[in-house]
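Read the structure below first, then the notes.
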């Protein structure tokens, strides 16, 4: 389909701007624009059609099942979208005085309180913009905490199953990375760990349940190893959807936790964002939190900047408020029933696992939490069919593929996270598609290799994209393909 | 409300298929001492109707720009957001999809990002844009990281006239990046190019705003030249909505152009979610953080779009990545694209020109002494002769929010008010502001 720039015709326009009715002013000539930007020129009907057509070439949770592991693609309640549009929220300027923003501040304060309870820690900053920014914030808090104590600790330990954001955050925070292995049961190898924790260790970053979808059974022992060495434990909250109301990171021994409001608490993922990455900490770390946090004085709420040891700010204002509205709404609709949410997520995942276990390889044979990882290793060995082929063929069955080739320690990995919001019928249909694909690998591998067959495009040449580097429309110089 | 579908019959059948007696058995591997043995202490569940009433009550206790005549700006701007933006954003497919890892499922999102990248490049005069950063503060930290990786230098220079929050965020992350931050004070409301250039020796990059936080127009081409002369990458922090009127940073030699995208089609929403934009000359493409969409073809030669240069990114390169960013602000960036497409080049210029003209009109109409004798864009700073927070408090009682108190961030500016005009304000609104400021100041005297 055409780009919006290819539909543009000089002289057309959609929006018109009110005439201010005052004397026209100009900027100094040496600062004025020399060439007008080539923005699209279309009337509004064509604009709406264009983006509606783009939406039809996109698959979202509203379209169908989206078991993208580690991303918690659950239903996003529509009431949340209506709520963020309330004029008192949408049209509220972030520099409004506290007296003029009491409702917003109360919502943020209540969200802080609920989030703290869910993870069993003492204080929360809502500010970080997404999970990986929460990680960088948490590591920056670690740095400030140890600097304040006059300790020079330079290393952060992460397991080999970690999300790529963990090592990237460690590097950006100026720490040295120390890797720990995974044992045969899919847990952190505690023996390997013991030799890697010492006086230079600042902390551990861990996802629990892990990216294998398994609960870290020796978590208390791990926490003890770090705390005995004077180090801290950081919880990557990507998989919190498994354990709400069931097990709390603070009780497991974690000192710093980030949440992914777009995963566990249903902020729509928006084709890549926005997210929300609040961070909770134990009391000892509270003095270092970013400013502002929201404080309560009786019935009044205020932005609190009085934090002399703060690390500063990690993004603008108090954080992505619209994300808070949605997360708060979601949590208020579940209430203490958040436990039922996690139970349903875990039940759904185990059901799919049970149905697929004979057709795919299991890296570890345990009950899973909210997600699990299987491998297409034997399909590759016997039929030359890879995890990528399985993923592409799932599209023809009407499903978004799972996360593939992650975690890195599992070859031909397919990481499947159904979430709590799917029906048994949907799960069954997905399982039947996965089983049919496993059979098709033997019967008709070429059809799999050529998949998908039903999408607007077939497999795309990613290597050519990296070579051509066409990353913007070139107007009259643009190659004419469509 | 109910967001799950499992009936008792479903549960029983599923447990049987798994081979366990109860859901509790699935959690047997969680050691007893780390299990929560009580219900979560959170308020009882609400129905949707109850929730709506509660949220409406909370929203009703906020004074938004629909209920109060506001002249607040200072980094977030009350431009009109057309209905088409919200309508398209609420398309469930765009709203509820995630990062387009599987391009065949996500051509719509990918094409929209490609179109967004094009719009950002057009506005800033750059060759490449990423798919968005978190906001106008974090993209400044990103730019510093790019500059350090590119030049190997470990100092960054910030003009003091940059938004204070932008400077705070850079300072938060600079130690981890191994960077030292130097700030260059303003001279009479703008940055002196000679002083700026002197600070840039051995710097990785130098970031300056256009317009600046006081609303003043910086001598941007001279600042960029002064930085470039020292080998520091010149970086302009700009407002998209001024770029129909003001020169593109690419045209005056900047290496990168960054900024807060909220003013383009995003509701103010008490500070977010919005998007940050980051654009660069093509020399820096392999150092950029975040998603970048590129054009390619499928097996049949049809055009398609994919995430490209992913070897920069954390999910491939891990600790060697150019950034840890994964979830970004795509939906808000696409809102920006739709808004810019709605305006077109003429509309963009009209918004800028209207805001500028109204601000000049307000300067004359208010007749208050200007804090700085410099050309301005849509904001200007005036001296009130009494503490600005007091004036704001009293004016709000009369239904007008007169602006931002610059004394919050700058020494010696306790009586300085930053007044912002957008195309949503009218000459009558300015009359009302003049009347209220007159009354409030008269009360004080």
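Taking the C-alpha atoms only, the angle from helix B:330-366 to the longest principal axis of chain B is near 20 degrees.
Only beta bridges with both residues in chain A are counted; by DSSP, about 55 percent of them are antiparallel. Calculated [222 nm] ellipticity per residue, helices only, for chain B: -12000 deg cm²/dmol; basis is -39500 (n - 2.57) per DSSP H run with n ≥ 4, divided by all residues, nearest 500.
Please give the direction-averaged projected area of the C-alpha convex hull for the range A:339-464, in square nanometres with one decimal. For the range A:339-464, averaging the hull's shadow over all directions gives 8.4 nm².
Peptide A:114-121 is shielded by partner chain Cβ atoms: per residue, an average of 2 of them sit within 10 Å of its Cβ.
Each stretch of four or more DSSP H residues adds -39500 (n - 2.57); spread over every residue of chain A, this sum gives -10500 deg cm²/dmol at 222 nm. With bins 10 Å wide beginning at 0, the percent of Cα pairs of the range B:84-338 falling in each bin runs 8, 32, 36, 18, 5, 1, 0.
Taking one equal scatterer on every alpha-carbon of the range A:80-170, how large is log10 of I(q)/I(0) by Debye at q = 0.11, 0.15, 0.23 1/Å? One equal scatterer on each Cα of the range A:80-170 leads to -0.51, -0.84, -1.22. Paramagnetic label reach from residue B:393 (point 7 Å along Cα→Cβ; backbone nitrogen cut-off under 17 Å): within the range B:51-91, no residues. Scattering from the range B:355-430 was approximated by placing one identical point on each alpha carbon and applying the Debye formula without solvent; log10 I(q)/I(0) at 0.15 1/Å stands at -0.48.
Using C-alpha pairs below 8 Å separated by at least 6 residues, the relative contact order for chain B is 19 percent. Here the peptides A:292-304, A:344-356 are ranked by packing, the mean other Cβ count within 10 Å, and the order with the highest first is A:344-356, A:292-304.
Taken residue by residue and averaged, Cβ atoms of other chains lying within 10 Å of the Cβ of A:334-340 number 6.
The share of Cα pairs per 5 Å bin across the range B:110-242, counted from zero up to the longest distance, runs 2, 11, 21, 23, 21, 14, 6, 2, 0, 0 percent. Pair-distance distribution P(r) for the range B:8-50, from all Cα-Cα distances in 10 Å bins starting at 0: 21, 29, 36, 14 percent. Helix B:8-18 and the longest principal axis of the Cα set of chain B meet at an angle near 70°. Based on the Kirkwood approach, the hydrodynamic radius assigned to the range B:252-371 is 17.8 Å, with every pair of different Cα atoms included. Note on the range A:80-151 and the range A:223-253: Cα centroid distance 20 Å, given to the nearest whole angstrom. The alpha carbon radius of gyration of the range A:81-336, expressed as a multiple of 2.2 N^0.38 Å, is 1.00.
Using C-alpha pairs below 8 Å separated by at least 6 residues, the relative contact order for the range B:327-445 is 27 percent.
Seen from all directions on average, the range B:262-301 presents a Cα convex hull projection of 5.1 nm². In terms of other Cβ atoms within 10 Å, A:372, B:214 run from fewest to most in the order B:214, A:372.
Over the C-alpha trace of chain B, radius of gyration and Dmax come out as 25.2, 82 angstrom. As a proxy for reagent exposure, ranking A:375, B:323, A:342, A:228 by other Cβ atoms within 10 Å from fewest up yields A:228, A:375, A:342, B:323. To the nearest ten degrees, helix B:427-444 and the longest principal axis of the Cα atoms of chain B are 70 degrees apart. Once you divide the Cα radius of gyration of the range A:279-353 by 2.2 N^0.38 Å, the number left is 1.53. Between B:17, B:395, B:371, which gets the highest mean-square fluctuation from a Gaussian network model of chain B, Cα cutoff 10 Å? Between B:17, B:395, B:371, it is B:17 that shows the largest mean-square fluctuation. Under Stokes-Einstein, with the Kirkwood radius over Cα pairs as Rh, the value for the protein assembly as shown at 10 °C and 1.306 mPa s is 57 µm²/s. Values of log10 I(q)/I(0) for the range A:1-111 across q = 0.14, 0.17 Å⁻¹ run -1.08, -1.10, by the Debye formula with one identical scatterer at each alpha carbon and no solvent. Of all beta bridges that DSSP places with both ends in the range A:81-336, some 45 percent have antiparallel geometry. If you take the Cα centroid of the range B:327-376 and the Cα centroid of the range A:397-461, the two points sit 48 Å apart.
Remark: relative contact order (the range A:81-336) = 27 percent; criterion is Cα-Cα distance under 8 angstrom and separation of 6 or more residues. Counted over the protein assembly as shown, the DSSP beta bridges are approximately 55% antiparallel.
Ordered by the number of other Cβ atoms lying within 10 Å of each residue's own Cβ, fewest first, B:182, B:88, A:457, A:170 fall into the sequence B:182, A:457, B:88, A:170. The ellipsoid equivalent to the alpha-carbon distribution of chain A has semi-axes of 37, 36, 22 angstrom, derived from the gyration tensor eigenvalues as √(5λ) and listed largest first. The spacing between the range B:251-308 and the range B:115-184, judged by their C-alpha centroids, is 14 Å. Each principal axis of the Cα cloud of the range B:35-114 was evaluated for its coordinate range; sorted largest first, these ranges are 49, 46, 26 Å.
All of the numbers you see were taken from the coordinates with simple rules; none came from a lab. Here the structure is a predicted model, which is why all the values come from computation and not from measurement. Reconstructed Cβ throughout: ideal geometry from the backbone, glycine too, with neighbour counts over all protein chains shown.
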